[in-house]
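Okay, structure first, notes after.
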Amino acid sequence: MTASVEGVHTSLLPNEPRVADPAREAQLTERYLLPALPALEQFFVSLRASLDSPLRQALPIKLGKPYPLGQCLEISQATERCLAQLQQLRCEGQAEHGRLALLAFMQAGGTVRQVWGDLRGEYFQNAFTVGTLYVDVSNDTVFSHKPKVEILPFDEARLVPVEDYWHFIRVAGRYWKAQVFPNHVLPELAPWFPLLVAAPGGSVRLEAASNYMISLTSRSGFSASVTVLEALALDDELFGLLQQCLADSTQPVADNAWQGREQAIKVCEQYRLQPPELTPDYASGLIVRLQEANRLLQPLLVSQN
């Protein structure tokens, strides 16, 4: 193929929900996709049907809710892996016509990108830009009675980039019903993951674990992190619980919340003056460190009441 699933455009952050080259993508969409729109939808419906059983077995419950609720990321990532093998896939009937239309679109240089953002001010959502179309293969992950697949013109979907951590906090409160606290406990991770999210039915965890938010943080010169680390407070009782959970962490744990706050802000300032090179290996290492911390935090469950 001449176009990868993750299209490249230098002005876009990873997974940023925008169409990279609207004029060009509109031309290709009109030529290859719009004439085959019902078949394209059937292709994605068929693809989603093939993924449901293995995904349900892999993670039957997430944040206290049964599959597919809350699993738009898992569904989208599985879909992306399939689209990377689009030429080898085979479908039946109208779905096969949709696959061939999508394949022709991509071979002509059309872009398919997995994106993430704020959907209509209510949810975090993973979806795809397919040319100038918004394709959501996990449309039922907030309300399970909704159709599994939704295809709209991207401009009508109202999926917008998360602007900063305050924007993230607003959506987390609406979508996850979460309380959010500053990461004053692991100061070396705080520049990249400045928030602790306590969502009912889950564990307290560091956020935001996405390539988009990591890149946004770096592009802001870490001011995005500093603003929430300075403004939010972490009480001593919760700090003590976090400290206990993180006793075996390979990351330095602050002695108290005040010290953690000061150290976190200091590391942000150091990174502002000498920013780390955000290579794929560096970003992967950050995610590994975050995953270790969140694994240790798993016993700190949040009540659903």
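Each of Val135, Val142, Val197 was scored by other Cβ atoms within 10 Å of its Cβ. Arranged with the fewest first, they read Val142, Val197, Val135. Among (1) 59, 55, 45; (2) 54, 45, 39; (3) 62, 42, 31, which one is Cα extents along the principal axes in Å computed from these coordinates? Identified label for the calculated read-out: (3). Report note on the peptides 123-129, 274-280: ranked by the mean count of other C-beta atoms within 10 Å, highest first, their order is 123-129, 274-280. Shown for the chain: lysine pairs separated by 8 or more places, or found on different chains, whose C-alpha atoms are under 24 Å apart, numbering 8. Ranking Gln125, Leu63, Pro35 by how far each Cα lies toward the positive end of the dipole of segment 22-160 (charges on Cβ) leaves Leu63 at the top. The separation of segment 77-135 from segment 265-298, counted between C-alpha centres, amounts to 30 Å. Across the chain, C-alpha contacts under 8 Å between residues 6 or more apart give a mean separation that, scaled by the residue count, equals a relative contact order of 18 percent. Charge tally for Leu296 (other residues, Cβ to Cβ under 14 Å; Lys, Arg +1; Asp, Glu -1): +1.
In summary, the helical segments of the chain meeting the span-like criteria, namely a full DSSP H run, a Cα extent along the axis of 20 angstrom or more and a mean Kyte-Doolittle hydropathy of at least 0.0, are 37-58, 93-107, 280-297.
What ranking do 100-112, 228-240, 15-27 get when scored by the average of other Cβ atoms within 10 Å per residue, highest first?
100-112, 15-27, 228-240
Across segment 165-297, the convex hull enclosing all Cα atoms gives 98 Å³ per residue. Each helix, a run of at least 4 DSSP H residues, gives -39500 (n - 2.57); summed and divided by the residues of the chain, these come to -14000 deg cm²/dmol at 222 nm.
Cα gyration tensor of segment 22-160, axes a ≥ b ≥ c as square roots of the eigenvalues: rounded (a/c below 1.5), prolate (a/b > b/c) or oblate? Spell out each step's value before the answer.
Details: a/c = 2.08, a/b = 1.35, b/c = 1.54.
It is oblate, given that a/c is not under 1.5 and a/b is not larger than b/c.
Based on alpha-carbon atoms, the Kirkwood radius and the radius of gyration of segment 203-260 give Rg/Rh equal to 1.00. Each listed q (0.12, 0.21, 0.24 Å⁻¹) maps to a log10 I(q)/I(0) for segment 133-194 from the Debye sum over equal C-alpha point scatterers, namely -0.48, -0.96, -1.05.
None of the figures in this text is laboratory data; all of them are computed from the coordinates on show. All of these numbers come straight from a predicted model, not from anything done at the bench. Don't worry about glycine lacking a Cβ; one is built from the backbone with ideal geometry, like all the others, and counts go over all protein chains shown.
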